[in-house]
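First comes the structure, then the notes that go with it.
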Amino acid sequence: MKALRRIGIVGSGPMAIYLLKYLAASDEALAISIFEASSCAGMGMPYDPSLNADYMLCNAFSREIPAPVRPLIDWLKDRPKRELGEWELSAHDLTARAFYPRVLIGEYLHSQFEDLCENARDAGHVIDVLTECLVVDIEAANGGKANVQYQSGQSVKSLQFDAVVIASGHSWSDVPQIDEVNLVSPWPYTNITRLEQNDIGVLGSSLSAIDIVIALGHARGQFEESGSRISWVPNDRENRVRITMVSKMGIMPEGDFYYPFPYEPLVCLTKEAMEAEIARGVDGVLNRVFALLCDELDAADPDYLGRLPETARTVEGFAPAYFSRRREVGGLRSVKRDLAGSRETMRRKETIAHRYALLRGHEAFDHILRELTETDYQRFLDHLMPMFADCYAAVPHLSLARITALYDAGVLELVATVEGAEFSQMGNGSIAVETEDGTATFDVIVDARGQAPANLADLPFPSLVKDLRDPQEPVLLPFALDLIVNCASRIYCLALPQLLERYPFSQGLVECSRLAHHVADDILSRSHGR
């Protein structure tokens, strides 16, 4: 009997779940081993209840989440009333356009992972899930197969594979730093809720920062709802917390807005247009595709660019013009005003045309990013990526309502740092930074900057890094690593920090599904033993 091809997957979060889905669809029976360092497989860090609070919302609505087995909304409708009640949900609340807590998404993913494993076994695959098994190294044997070394209990064991996929998800420092100043890690969330200091800075103002601020709100008081209005009441009126979000621009992403799904086709930023621009050559391709973005905005909302300065039609000038209105109004005042508008467009099911064009525009730009020169790629990161990140970070309205409740209660501020601002540790232990409102000092600062890119040299597998041809090179489709040894196995990297180096839009469940599909296709296209 022919031996099964052995596939090793390092990690069991969303990337691994979707990879398992596509591998298990193969007619060829496979032996798949999945390594998970924690005691529970099939969830992932952003959705793990030991790391996240149940009031932290996922900003992808349910229809957008690719189904490993069953769509989220169908899975929810089969939950018992008691279980839904624990989430403060009823059958009436279950819609395909709703946002749900991240830890609920974690339960869904865990359930789907178990179903995938069961279905794969029924289809003839051999599935081995190794929990509490931390992979400590991967050896690419010269002339032999890849060897995965993992710690199980007090011993280090090893297994050989015909293919290995690193799908280890996020990577966070236990003690993050900025300018050699120690910050508080946001994971697990109890790092935040256990803080005893009252003057707390939060470094960042996007989705991670919003979650941290809301966690502080829950720890130091109560959010009280009355109809659509939310207010915040402190636990201790005499010793109230003071929270300051600190970011480069002092603004926050806008609230979620209504748009059609499945998506409607774009007019100018089409896949065919991107391929045609790439075919014309890399010189000037960023400027040409940006011109197509302007054409798309003109087609969607003819007045939008006309309301902005003329510099908005340049790569360097668009983002400052795009952010200018929120900057002028002021961070949290702008949040409060825009939330009311976003709620109204959602109620009327009216699409905000320019926001929809920009939301979709990042998909078009993703087609050209690996083709850009290093200079143009850096131009993209410096001048366009902040705008695109703001667009697809549209915030659930409930989260913004809680933010404005803290603002109305007088305990939350949002400030911008001055150009070139540095953080410094004062003699009394407090942390200082120059902002546009003057010097701000804090007892402690929580790091909410999100996942940073990293190169292959930062992978925690020393033998593998040593065998890379160039550890500084970004990993590219189909994400197979270029080795200096003649290893009989193919080793792939789908670890998020390494993907972000050249795939800056790779966060989120949709991208996990898409990128995992590419790797599964590459594995399955290769004959046994190669």
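The values are calculated or read from the model by the stated rules, or taken from the named source; none is laboratory data. Everything quoted here is computed from the prediction, not taken from an experiment. All Cβ positions, even for glycine, are placed from backbone atoms using ideal geometry, and neighbour counts span all protein chains on display. Note: areas computed on protein heavy atoms with side chains; ligands, DNA, RNA excluded. Shrake-Rupley method; radii C 1.70, N 1.55, O 1.52, S 1.80 Å.
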Open item on the list: For the list (1) open to solvent by less than 20 Å² (accessible area, probe 1.4 Å); (2) in contact with a helix residue (DSSP H, G or I) (Cβ under 7 Å, 6 or more places away or on another chain); (3) part of a strand (DSSP E or B), I need the number of the one condition that residue 231 fails.
Closed with: (1)
Task: Count - residues of segment 301-319 that are buried (at least 17 other Cβ atoms within 10 Å of the Cβ) and not aromatic (Phe, Trp, Tyr) - done: 7
Task: In segment 360-409, residue nearest to the chain's Cα centre (by Cα) [restricted to those that are open to solvent by less than 30 Å² (accessible area, probe 1.4 Å), of a type in the set (Ser, Thr, Tyr) and under 29 Å from residue 339 (Cα atoms)] - done: 399
Task: Among the candidates 166, 210, 192, 230, residue that is at pLDDT 95 or above, within 24 Å of the chain's Cα centre (by Cα), under 30 Å from residue 348 (Cα atoms) and not hydroxyl-bearing (Ser, Thr, Tyr) - done: 210
Open item on the list: List the helices (runs of 4 or more DSSP H) inside segment 451-530, counting only whole elements, that have at least 1 residues being of a type in the set (A, V, I, L, M, F, W, C), at pLDDT 95 or above and closer than 18 Å to residue 12 by Cα.
Closed with: 496-500, 509-525
Task: Residues within segment 63-74 that are assigned to a helix (DSSP H, G or I) and either out of contact with any helix residue (DSSP H, G or I) (no Cβ under 9 Å at 6 or more places or on another chain) or open to solvent by 10 Å² or more (accessible area, probe 1.4 Å) (or both), tallied - done: 4
- [ ] Count, please, the residues in segment 79-100 that happen to be under 27 Å from residue 34 (Cβ atoms) and either assigned to a helix (DSSP H, G or I) or at pLDDT 95 or above (or both).
- [x] 1
TODO: Kindly indicate which of 60, 31 is touching a residue at least 60 places away in the same chain (Cβ under 8 Å), within 24 Å of residue 214 (Cβ to Cβ), open to solvent by 10 Å² or more (accessible area, probe 1.4 Å) and among the aliphatic types (A, V, I, L, M).
DONE: 60
Task: residue 49 being within 30 Å of residue 152 (Cβ to Cβ) and either open to solvent by 30 Å² or more (accessible area, probe 1.4 Å) or touching a residue at least 60 places away in the same chain (Cβ under 8 Å) (or both) - done: yes
Open item on the list: From the list 464, 509, 499, exactly one residue is surrounded by 14 or more Cβ atoms within 10 Å (Cβ to Cβ) and more than 29 Å from residue 29 (Cβ to Cβ). Which is it?
Closed with: 499
Open item on the list: Here is a list: 106, 42. Which entry is crowded, with 18+ Cβ neighbours inside 10 Å, small (Gly, Ala, Ser) and part of a helix (DSSP H, G or I)?
Closed with: 106
Open item on the list: Consider segment 284-308. How many of its residues are touching a residue at least 24 places away in the same chain (Cβ under 8 Å), in a loop (DSSP other than H, G, I, E, B) and not aromatic (Phe, Trp, Tyr)?
Closed with: 1
Open item on the list: Against the definition (part of a loop (DSSP other than H, G, I, E, B), open to solvent by 20 Å² or more (accessible area, probe 1.4 Å) and of a type in the set (A, V, I, L, M)), how does residue 421 come out, yes or no?
Closed with: yes
TODO: Please list, ordered by first then second residue, the pairs with beta carbon atoms under 7 Å, 6 or more apart or interchain, first in segment 220-246 and closer than 26 Å to residue 440 by Cα, second of a type in the set (Lys, Arg).
DONE: 234/220; 234/240; 235/220; 241/220
Open item on the list: Looking at the structure I just gave you, is residue 173 under 26 Å from residue 448 (Cα atoms), assigned to a helix (DSSP H, G or I) and open to solvent by 30 Å² or more (accessible area, probe 1.4 Å)?
Closed with: no
TODO: Please identify the pairs in which a residue from segment 331-354 that is over 16 Å from residue 260 (Cα atoms) has its Cβ atom under 9 Å from the Cβ atom of a residue that is of a type in the set (Val, Ile, Thr) and surrounded by fewer than 17 Cβ atoms within 10 Å (Cβ to Cβ), counting only partners at least 6 apart or on another chain.
DONE: 337/329; 338/329
Task: Residue among 326, 337 that alone is open to solvent by less than 20 Å² (accessible area, probe 1.4 Å), out of contact with any strand residue (DSSP E or B) (no Cβ under 7 Å at 6 or more places or on another chain), closer than 18 Å to residue 307 by Cβ and not aliphatic (A, V, I, L, M) - done: 326
Task: Test result for residue 264, surrounded by fewer than 13 Cβ atoms within 10 Å (Cβ to Cβ), in a helix (DSSP H, G or I) and without any contact (Cβ under 8 Å) to a residue 40 or more places away in the chain - done: no
TODO: Kindly establish whether residue 22 is buried (at least 24 other Cβ atoms within 10 Å of the Cβ) and either farther than 21 Å from residue 148 by Cβ or touching a His at 6+ places or on another chain (Cβ under 6 Å) (or both).
DONE: no
